[in-house]
Amino acid sequence: MRVYGEAYLLINFWMDFLSLLLAACLKQARFHAPRAILGAALGAVYTVFAWTEKGFCRGYLLLAASLLLISLISFGKAGFFLFPYVAISVLNLCGLSDALLRSGVSCAAALLIAGFFSLSVCLIQRKTGLSQDAACELRILYRGKQASLPAIRDSGNLLRDGVTGQPVIVVPQSALTGLIPADTCPEEIATLPPGWRLLPIRTASGKGMLMCFRADRAELIQGRTVRQVRAPIAVSVFPEKSALVPECLFRGFCAAKSPKKEVVYHAGIRYEKMDAAGFLPPAHRQRALYRRG
């Protein structure tokens, strides 16, 4: 069989590049095109070398080592975790192209079909969010400053802005250091910054007030998906490091996780963990949080 070296090199470069793109998409990792080009080029050179040589060069051990090296070049330290995705993508794309070529499809058409397949998977993943267990993050921009913190779905956060009727996000004061005025103390009404207002609440210990402000921009982030939300920010002194985001703000965005051992919120109650079956734990592990006053 006659093999043209330039065409063989180009085919393998294209397949390696698509595999890196597909792996980054499936894992929702950052894709660096220049580094991926370098990694794909190295992989293509290896395949040409393996074709001209026999024996150990075509072994599975050297193939796995080359894929790991390509992953490290393309994704840095994250390449260790992306290596299985790269390997699976390579096997799938190689199997697809081989099946097309055996069925009589031209080489150019096979390359185009492989590219279309990879891009379609990436678009579907980005549209539907195949990695639904990715953590959600809240990013707040206020007066030229920015703060980011984990976002927790709280089905019991029923706070509503009395003026606009919009849901309210509760954020711990410790996460807003440097964003809000330094002399702001949520427990001291006298320190209420100009332009802020008070929001009445009701907790297990009684009624109270929360300081509330409207951010210049608030965003929910999951992987590479960003959604802007319109919700006032209420500042609290509760000890958690995460924002309590109302369930309604997550609709159509990211799916709820079913945690096995972590802090979760349900109906405004804090639970230390859920049991193996996903049921709520005994009442002695509960601690009341916020409900609308």
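The values are calculated or read from the model by the stated rules, or taken from the named source; none is laboratory data. Everything numeric here is computed off the predicted structure, so don't read it as measured data. Neighbour counts are summed over all protein chains in view; Cβ atoms, including those assigned to glycine, are modelled from backbone coordinates with ideal geometry. Accessible surface is based on the protein model in full, side chains and every heavy atom, while ligands, DNA and RNA are left aside. Shrake-Rupley method; radii C 1.70, N 1.55, O 1.52, S 1.80 Å.
Looking at the range 206-215, can you tell me whether even one residue there is aromatic (Phe, Trp, Tyr) and more than 21 Å from CYS248 (Cβ to Cβ)?
No, because not a single residue in the range 206-215 is aromatic (Phe, Trp, Tyr) and more than 21 Å from CYS248 (Cβ to Cβ).
With respect to the numbered conditions (1) at pLDDT 85 or above; (2) over 23 Å from VAL121 (Cβ atoms); (3) open to solvent by less than 40 Å² (accessible area, probe 1.4 Å), which one is the sole condition not fulfilled by SER71?
Failing condition for SER71: (2).
Answer yes or no as to whether GLY165 is assigned to a loop (DSSP other than H, G, I, E, B), without any contact (Cβ under 8 Å) to a residue 24 or more places away in the chain, exposed (fewer than 15 other Cβ atoms within 10 Å of the Cβ) and not acidic (Asp, Glu).
yes
GLN228: within 26 Å of the chain's Cα centre (by Cα), open to solvent by less than 50 Å² (accessible area, probe 1.4 Å) and of a type in the set (S, T, N, Q), yes or no?
The answer is no for GLN228.
Out of everything in the range 1-26 that is open to solvent by 90 Å² or more (accessible area, probe 1.4 Å) and assigned to a helix (DSSP H, G or I), what residue ends up being modelled with the highest pLDDT?
Filtering first and then ranking leaves LEU10.
Could you grab the pairs with beta carbons closer than 8 Å, sequence gap of 6+ or different chains, first residue in the range 136-150 and farther than 16 Å from ARG227 by Cα and in a strand (DSSP E or B), second one open to solvent by 70 Å² or more (accessible area, probe 1.4 Å) and of a type in the set (Asp, Glu)?
Close Cβ pairs (under 8 Å, with a partner that is open to solvent by 70 Å² or more (accessible area, probe 1.4 Å) and of a type in the set (Asp, Glu)) amount to TYR142/ASP216.
Taking into account only those residues within the range 231-241 that are open to solvent by 20 Å² or more (accessible area, probe 1.4 Å) and closer than 16 Å to ARG153 by Cβ, which is modelled with the highest pLDDT?
Residue satisfying both the conditions and the ranking: LYS241.
Sort out which residues of the range 74-108 are within 24 Å of GLN28 (Cβ to Cβ), open to solvent by less than 60 Å² (accessible area, probe 1.4 Å) and aliphatic (A, V, I, L, M), and write them in order of number.
Once the filter is applied, which keeps residues that are within 24 Å of GLN28 (Cβ to Cβ), open to solvent by less than 60 Å² (accessible area, probe 1.4 Å) and aliphatic (A, V, I, L, M), the range 74-108 yields ALA78, LEU82, VAL86, ALA87, VAL90, LEU93, LEU96.
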